[in-house]
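The values are calculated or read from the model by the stated rules, or taken from the named source; none is laboratory data. What you are looking at is a predicted structure, and each value in this text was computed from that prediction instead of being measured. Quick reminder, even Gly has a Cβ in these numbers, built from the backbone with ideal geometry, and neighbours come from all protein chains shown. Keep in mind that these areas ignore ligands, DNA and RNA; they rest on the heavy atoms of the full protein, side chains included. Shrake-Rupley method; radii C 1.70, N 1.55, O 1.52, S 1.80 Å.
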Amino acid sequence: MTQTAAQNAETLTHAPQPVSFWQAFAFWLKLGFISFGGPAGQISIMHQELVERRRWISERRFLHALNYCMLLPGPEAQQLATYIGWLMHRTWGGVIAGVVFVLPSLFILIALSWVYIAFGEVPVVAGLFYGIKPAVTAIVVQAAHRIGSRALKNNWLWAIAAASFVAIFALNLPFPLIVLGAAVIGYFGGRFAPQKFSVGGGHGAAKQSFGSALIDDDTPTPEHARFRWPRLLVLAVIGAALWALPMGLLTALFGWEGTLTQMGWFFTKAALLTFGGAYAVLPYVYQGAVGHYGWLSPTQMIDGLALGETTPGPLIMVVAFVGFVGGYVQQVFGADQAFLAGAVAASLVTWFTFLPSFLFILAGGPLVESTHNELKFTAPLTAITAAVVGVILNLALFFGYHVLWPQGFNGHFDWPSALIALAAAIALFRFKRGVIQVLAACALVGLAVHLLQN
């Protein structure tokens, strides 16, 4: 036996040493700074670190936890970190894992949002965003394709996707109504045509072992992770208080119609609609933040998504950009405190967006575990995921319209943007390039074109 083979054999037979709370904290903080690549990239990083290298959790238990998180609204990668942290170190372990997964991206986005608002008209910055906008359009098309290829497994689900596209594109129905309609169809479909709505999450079963783990296949569920009604009620009360206290304070200071109060209320609703990931909820954010409240313009929304794509953390952190721009432009603290208003608004919308995610894991995790494989619970989610594909396609068309016809259909067609979008699509679909690479290349091309045009 070679030395390497002997080391591998020893790895497979010896369990790793117990992990302290602070060791785990250091890892979750590091993860918050390196979690690029969207949910797929973030989950891949966690799998490599936690399953393969550190062996904190077995392959089967990791996939089991991931399947829980896919059943819930909210960013699945952040919820997966929260779940594993909770499983290892109780409630505070989960809270810390989830918070530090998000916190670095919040600070980075506040800084980048300020640079965008303060220096967005500078030729260099404007040129970079000129190239990024068509790239974002291609990225959203890729997201629709990626989710659709996984979710649309039969004609019924294709029909739901098509109906949701018509509903939001032609009828302008609100996103929550589309989600509700899909859930109802999925519920009855699961009862009367169960074979059409039994599509799994696509993560498969555990097929290999990387050695014995701290939380192994046969490790009993820890006492704190077992379902108990009293614990559920306590956490529900705490969660309600953590939502009601800041909302009450905002209402008392600014009134119910105040900008910050409405942001808190709006992003609470958005947090409950994120079935299918950030791309699924972006149309709802657009409808509210751009169309109804006017916190930012359509162009700014596209730019915000680009910034969200290039920073670590969940893509849904684009809400921090929306909050910053809205608070800054609305000058909720007066003209002299525009940056403070933007930073406070970004922090508030992050709080209201992610609070439900923590509650779903800490309070509902054990309950979801007990119902995970029951079709009556999964069929509505299968239908919602199908509807999300149509909604994301509508978002791609919306972005494409604003990028290719910046002055509307009566204005000129922007050929350079169209060519950049086509090149980005080829890079993503044909050559499988990463999002960061595509955005960086398109930004440089856009800068060159913008400087030549001016």
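Going through L157, L173 one at a time, which residue ends up being surrounded by fewer than 18 Cβ atoms within 10 Å (Cβ to Cβ), in contact with a helix residue (DSSP H, G or I) (Cβ under 9 Å, 6 or more places away or on another chain) and of a type outside the set (D, E)? I'd like the intermediate steps shown before the answer.
Values: L157 fails: surrounded by fewer than 18 Cβ atoms within 10 Å (Cβ to Cβ).
Going through L157, L173 in turn, the sole match is L173.
Inspect all residues belonging to the stretch 408-417 and state whether any of them is at negative phi and open to solvent by less than 10 Å² (accessible area, probe 1.4 Å).
Taking the stretch 408-417 and keeping what is at negative phi, we get 409-417.
Restricting the remaining residues to those that are open to solvent by less than 10 Å² (accessible area, probe 1.4 Å) gives 417.
Yes, the stretch 408-417 contains at least one residue that is at negative phi and open to solvent by less than 10 Å² (accessible area, probe 1.4 Å).
Can you find a residue that is among the aromatic types (F, W, Y) and assigned to a helix (DSSP H, G or I) anywhere in the stretch 154-164?
Checked against the condition, which is being among the aromatic types (F, W, Y) and assigned to a helix (DSSP H, G or I), the stretch 154-164 yields at least one hit.
Can you pull out every residue in the stretch 88-99 that is of a type outside the set (K, R), open to solvent by 10 Å² or more (accessible area, probe 1.4 Å) and in contact (Cβ under 8 Å) with a residue 24 or more places away in the chain? It would help to see each step written out before you state the result.
Taking the stretch 88-99 first, the residues of a type outside the set (K, R) are 88-89, 91-99.
Narrowing further to those that are open to solvent by 10 Å² or more (accessible area, probe 1.4 Å): 88-89, 91-92, 95-96, 99.
Residues satisfying the conditions are M88, H89, T91, W92, V95, I96.
Across the stretch 289-315, what is the number of residues that are open to solvent by 10 Å² or more (accessible area, probe 1.4 Å) and part of a helix (DSSP H, G or I)?
Of the residues in the stretch 289-315, 9 are open to solvent by 10 Å² or more (accessible area, probe 1.4 Å) and part of a helix (DSSP H, G or I).
Take the conditions assigned to a helix (DSSP H, G or I) and without any contact (Cβ under 8 Å) to a residue 60 or more places away in the chain and apply them to A418. Does it pass?
Details: assigned to a helix (DSSP H, G or I): yes; without any contact (Cβ under 8 Å) to a residue 60 or more places away in the chain: no.
Considered against the rule, which asks whether it is assigned to a helix (DSSP H, G or I) and without any contact (Cβ under 8 Å) to a residue 60 or more places away in the chain, A418 comes out as no.
Under 7 Å between Cβ atoms, which residue pairs at least 6 apart in sequence (or on different chains) link something in the stretch 247-260 that is open to solvent by less than 80 Å² (accessible area, probe 1.4 Å) with a partner that is in a loop (DSSP other than H, G, I, E, B)?
Qualifying pairs under 7 Å: L250/G258; T259/V332; L260/V332.
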